[in-house]
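Okay, so here's the structure we're looking at.
The values are calculated or read from the model by the stated rules, or taken from the named source; none is laboratory data. This structure is a prediction, so every number in the text was calculated from the model and none was measured. Cβ placement follows ideal geometry from the backbone for every residue including glycine, while neighbour counts extend to all protein chains displayed. Ligands, DNA and RNA are excluded from the accessible area calculation, which covers all protein heavy atoms including side chains. Shrake-Rupley method; radii C 1.70, N 1.55, O 1.52, S 1.80 Å.
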Amino acid sequence: MAFKFKGGVHPDYRKHPEVPVTVIAPPKQVVIPMAQHIGAPCAPLVKKGDTVKMYQKIGDTQAPISAPVHASVSGTVVAVEPRPHPLGDLVMSVVIENDGLDTPELMEPLSDSQLKDPEAILRRIREAGVVGMGGAMFPTAFKIQSGRGKVDTLIINGAECEPYINGDHLTMRQFPEELLKGIELARIAQGVEKAYYGIEKNKQDAIDILNSHDPAKYGVEIIPEEEKYPQGGEKMQIKTITGREVKPGGLPAGVGCCVISTRTAYAIYQACCEGKSVIERIVTVDGSAVAAPVNAMIRVGTSLGYIAEQVGGFVRTPKKVVLGGPMMGICATTLEAVTVKGTNGILFFTEDEDRTVEEPVCIRCGKCINVCPMRLEPTYMYQYYKKRDFDMLEKYHVTDCIECGSCTFRCPARMPLTHAFKTAKIMLQTRKAKAEAAAKEAGK
């Protein structure tokens, strides 16, 4: 590794990539949210009573920052209505009664000439609904397109540094050639000569397998990385591989970089070479409320309650359900919520994992400052958050917090730092929107 980023922590990873992937049969009914990406939500393309096929596009929009959604099973549409979303809101969704046949509607695989055509690859990436599947769910076609002419370095994120999560590691081991082809297609679409694949050294078996398939043939170089959370952060990958730093308020394209995840690269291969849209992914199911960790292939739109039943049910009552990893994941508010394209983990936690304390008090140790990979000062940011001093929060760059959770993890007083900064950013956005609205009203 040529470069290192500041800060970071070393949590107990608690990973179990040795557990083989179990295919969970899709439920009798799936709920497909129209919002599974950053940007404008899709409008339903089907109505109640329609028959749909697996992989069929059922939602889309003309908005530039968006990605269509597809049916994960074949069957009959029984409702088009708001349903619980993993983020906690009610979101317009298409509810499909599964006929159990999985009748497919695949796209035609791209021809050899199309596989060398950046525009054809980009069109297929969008049509297949490919998004950032590391969790951010940013539409991949728009990300690549908007970076053209600015990006000279394509980085594939293979760190998967969140505890518990194993999907990327298993994808590397099971589909190495397909994954490398997907990276090559992303590289061609981006218009660069080489791609760098950053993988933490705790996945040495995957590194060896990928190297055995001659990655240079695909224009890919494997970069083994030291184990340190949050190595998988977009800005951390850029710093590690190129030495470049994304400035406050900046974007990766501003320093000539584009970063996509492992599973996203594999989805690009499936879209272009197999004609498949994004309807499933490997999800790690773990936590002290279930009997044993499970790495499962799960269809988009499967409810959390159904998944819990399929992995053997709860051995203890869960206190908290986390979607994603324990450091950056979000809490589900109901077991009726369903998986989406960005769901890489479902953790059913009991009180054993609860670190919260009542009325925590900062002891001014400064450990949060030492571990912040963005060079922020969490202890001061938290004080200004409590005072609702928005001007000082902006001065201390709270909007540059990547919400990695390193400060919260390291805090001996167990201060709810990350949660505070997430809330502070929402407050700042709301304050800015109100100010703009007031200015617009005053100008009438």
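Considering only C272, A424, G149, whose Cα is most displaced toward the positive end of the charge dipole of the chain, charges sitting on Cβ of Lys, Arg (+1) and Asp, Glu (-1)? So the residue we want is A424. Its alpha carbons give the chain an Rg and a Dmax of 21.7, 66 Å. In the chain, helices alone account for a calculated mean residue ellipticity at 222 nm of -8000 deg cm²/dmol, with every DSSP H run of four or more residues adding -39,500 (n - 2.57). For the stretch 210-331, the Stokes-Einstein estimate of translational diffusion at 20 °C and a viscosity of 1.002 mPa s comes to 120 µm²/s, using the Kirkwood hydrodynamic radius over alpha-carbon pairs. Here the peptides 63-69, 332-338, 431-437 are ranked by packing, the mean other Cβ count within 10 Å, and the order with the highest first is 63-69, 332-338, 431-437. Per-residue accessible area (protein heavy atoms, 1.4 Å probe) orders V311, V77 as V311, V77, starting from the largest. Within the accessible area of the stretch 255-340, what % is carbon and sulfur when the probe is 1.4 Å and the other protein chains stay in place? The nonpolar share, carbon plus sulfur, comes to 51 percent. For the stretch 201-352, the Cβ-based charge dipole about the Cα centre amounts to some 380 debye (Lys, Arg positive; Asp, Glu negative; other atoms uncharged). Relative to the Cα centre, the charge distribution of the chain, modelled as +1 at Lys and Arg Cβ and -1 at Asp and Glu Cβ, gives a dipole magnitude of about 1500 debye. Farthest towards the positive end of the charge dipole of the stretch 150-261, among the residues Q231, P176, V255, is the Cα of V255, using unit charges on the Cβ of Lys, Arg, Asp and Glu.
Dipole of the stretch 3-82 computed with +1 at Lys/Arg Cβ and -1 at Asp/Glu Cβ about the Cα centre; of F3, V78, I65, farthest Cα towards the positive end is F3.
Taking Cα centre as origin and charging only the Cβ of basic (Lys, Arg, +1) and acidic (Asp, Glu, -1) residues, the dipole magnitude of the stretch 291-408 rounds to 180 debye. Model label points for E108 and H419, set 7 angstrom from Cα along the Cα-to-Cβ axis, are 5.4 nm apart. Among 288-300, 312-324, 232-244, 161-173, sorting by the average number of other beta carbon atoms lying within 10 angstrom of each residue, highest first, gives 161-173, 232-244, 288-300, 312-324.
With all protein chains in place and a 1.4 Å probe, the accessible surface of the stretch 1-90 carries 57 percent carbon and sulfur. For the chain, the membrane-span-like helices by this rule, meaning whole DSSP H stretches whose C-alpha atoms cover at least 15 Å of axis and whose Kyte-Doolittle mean is -1.0 or above, are 176-190, 417-442; this says nothing about an actual membrane. Both numbers refer to the Cα atoms of the stretch 1-45; Rg and Dmax are 19.7, 50 Å.
Solvent-accessible surface of protein heavy atoms, probed at 1.4 angstrom with all chains present, puts E377, E359, E225 in the order E359, E377, E225, largest first. In this structure the chain gives 44 Å² per residue of accessible area when probed at 1.4 Å with all protein chains present.
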